[in-house]
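The values are calculated or read from the model by the stated rules, or taken from the named source; none is laboratory data. Keep in mind it's a predicted model, so treat the numbers as computed, not measured. Here Cβ is always computed from backbone atoms with ideal geometry, including for glycine, and neighbour counts include all displayed protein chains.
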Amino acid sequence: MRLIRSVEPSVEALATQNPTRTAFMQYFAAGEARPDRHEVGVWTPLTEISPLLAASVVKTEDRAFFSHHGADWHAMGRSLRASVRARRIVGGASTITQQLARNLYLSPSRSPVRKAYELWLAFGIDRALSKARILELYLNVIEWGRGAWGCAAASERHFQKPPRDLDLFESTFLASLIAAPKAPLAGRNAARSRNVQLETAYQLFLSGLIGGEDCALCCHRTWHLHRLLGAGTPLSAALSHPADVKADVDGAILREVAAALGLRRIPPAELLASHYGEEQQRNAINQLRVSGDRIRAIAPAVRKRHASLMERTNRSA
């Protein structure tokens, strides 16, 4: 495995420069008739990306993102123990920063040497860049589907809209694609994607970033989508198919989600059926503040953006 040194900009330059191609893009473009497919298309600043998408990706890929310094040692320990038990390499421990380093500078191989390079680069990226900038870079350069590099391409492909207009369901759906961007949504991968969507929405609710009814609606739409996919409906048609909206009476939908996922934290019905109060909102915002580098926009903007989207939806209904 080799470190691809031809990829620019350098770690320090990433503070102000937006990369147009990454090592991963070069790797997959090699030998293709149209290597231009593997480039960042429209660069989207973090301020123009739905906070629902940003929060969904953090919950899906790296819940400790705002508190670690490039690597999550607890997750790596769990992954190592799982690998020993399974007698094979079990992934899932790479942080957002590690994934960014891998995409920018390395290859998709899983060798120990590459992992060491990845960690070294991740520490450098974390020292040189703010959490907000790391998240912006990540959302713009990773692959969200075959040939869809960056959240703008993914948002346009699946929902024909810019990333700033994504709602909760759309955001959790896109976040669920990151682990296996090239795999079709069928069989085990469809079940994995469904569970990721459900758990991401549920964790956003537990964090106080969304209300119980919003979470229940997202989960209901997720089940609807995957029932259609299971029946053989093409993905594009399934995503655009309207779901019958059901009220979450006494939090029944969310308790069903928690039970289906085997989650231990199941709040009481009166909490599931209501929105968090001001104190819980403040606590959720405080969770996103780490070592002076505050990602102030995400938590309050989630609610503001979702309210705006719901208002527009109600007007068009």
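In the range 139-169, the residue that is farthest from the chain's Cα centre (by Cα) out of those that are part of a helix (DSSP H, G or I) and among the basic types (K, R) is R157.
Condition check ((1) under 22 Å from S240 (Cβ atoms); (2) free of Cβ contacts under 8 Å to residues at least 24 places away in the same chain; (3) charged (D, E, K, R); (4) touching a Cys at 6+ places or on another chain (Cβ under 9 Å)) across all residues:
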| residue | (1), (2), (3), (4) |
| --- | --- |
| Y117 | no, no, no, no |
| I125 | no, no, no, no |
| L139 | no, no, no, yes |
| P162 | yes, no, no, no |
| L166 | yes, no, no, yes |
| A175 | yes, no, no, no |
| E199 | no, no, yes, no |
| Q203 | no, no, no, no |
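Condition (residue is in contact with a Cys (Cβ under 9 Å, 6 or more places away or on another chain) and of a type in the set (V, I, T)) applied to the range 208-222: is it met by at least one residue? Yes: one or more hits. Here the range 175-197 is the region considered, the condition is being crowded, with 22+ Cβ neighbours inside 10 Å and not aliphatic (A, V, I, L, M), and the residue that is nearest to R227 (Cα to Cα) is R194. Selection of first residues in the range 46-65 that are surrounded by fewer than 20 Cβ atoms within 10 Å (Cβ to Cβ) and of second residues that are of a type in the set (S, T, N, Q), restricted to Cβ pairs under 8 Å at least 6 apart or on distinct chains, gives the following pairs, ordered by first then second residue: R63/Q203; A64/T95. For the range 205-224, a residue qualifies if it is surrounded by 24 or more Cβ atoms within 10 Å (Cβ to Cβ) and free of Cβ contacts under 8 Å to residues at least 24 places away in the same chain, but none of them does. Note on the range 56-106: residues that are of a type outside the set (K, R), at pLDDT below 70 and outside any helix (DSSP H, G or I) amount to 4. Within the range 23-46, the set of residues being of a type in the set (S, T, Y) and modelled with pLDDT of 90 or more comprises just one member, T44. The residues of the range 170-208 that are over 16 Å from A148 (Cα atoms) and assigned to a loop (DSSP other than H, G, I, E, B), listed by number, are A186, S207, G208.
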